[in-house]
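Every number here is computed from the coordinates shown, using simple stated rules; none is lab data. On a predicted model such as this, the values are computed, not experimentally measured, just so you know. Glycine also receives a Cβ, built like all others from the backbone with ideal geometry; neighbour counts cover every protein chain displayed.
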Ligand code: ATP
Ligand code: MG
């Protein structure tokens, strides 16, 4: 059973790592793969290249034997559509393996904006974590209806099937965002407690976000 955390990782931070650690504990993933988006479909172009964002992910997980980086979106041209990554992951892993797409409630709330969003659950489960300040109660009608028809509270259903369920996992999330980190660095505020120290060093070395 595999967990996948997709994101822009501009930059990766302790909130991402904590989410992956807690969900790995709760669901016993064999591994969690971090999948940086090369060209996010729904955001402005990131200020830092996909290669450098991936470098920071590699540094952040370096001491974590069961955390991996998946760079398949860096090898494609055009917007990084999750559905295309899932199709290619399925080819790699076969139809039986449980694949869980890990996601914060802020991102899940906009799922109906994703390319071919209605097909995503044919390839994976979603494990949703409530993020501080996210207005999770304001799911729009399409996301609410998807949740209603696929929701489960039973972790075994997620473990014993390959795809098709949505689990809301009640863990606390850290109140950290990449946006906040970029703003802190631009205004010369300390970010040492928000990211692993090797990532902080990389950011300073390449003068990112200044
Ligand atoms: P930005 O502020 O640039 O949007 P971000 O901190 O939201 O960055 P992303 O790369 O956009 O990070 O997020 C990737 C995934 O990780 C999303 O599903 C998002 O909801 C989730 N996530 C990000 N930060 C946290 C956090 N502190 N706790 C839980 N989940 C998070
Ligand atoms: Mg975000």
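Quick rundown of the values:
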| item | result |
| --- | --- |
| Rounded FRET efficiency, nearest 0.05, which uses the C-beta distance separating residue 130 from residue 190 and R0 of 22 Å | 0.20 |
| For the chain, alpha-carbon Rg over 2.2 N^0.38 Å | 0.99 |
| Kirkwood Rh (inverse of mean 1/r, distinct Cα pairs), the stretch 137-204, angstrom | 15.6 Å |
| Over the stretch 11-88 - Rg/Rh using Cα atoms and the Kirkwood inverse-distance radius | 0.97 |
| Full-stretch length increase - residue 51, residue 144 - with 0.36 nm per residue and alpha-carbon distance subtracted | 29.9 nm |
| Potential extension, residue 206-residue 118 segment - 0.36 nm per residue separation minus Cα distance | 27.7 nm |
| Inter-label distance, nm, simple model (7 Å from Cα along the C-beta direction), residue 155/residue 25 | 1.1 nm |
| Quarter of Cα convex hull surface for the stretch 35-148, i.e. mean projection, nm² | 8.3 nm² |
| Between helix 141-150 and the chain: long-axis angle, C-alpha atoms, 0 to 90°, nearest 10 | 60 degrees |
| Relative exposure of 55, 30, judged by other C-beta atoms within 10 Å (fewest first) | 30, 55 |
| Percentage relative contact order, the stretch 2-177, counting C-alpha pairs under 8 Å, at least six apart | 25 percent |
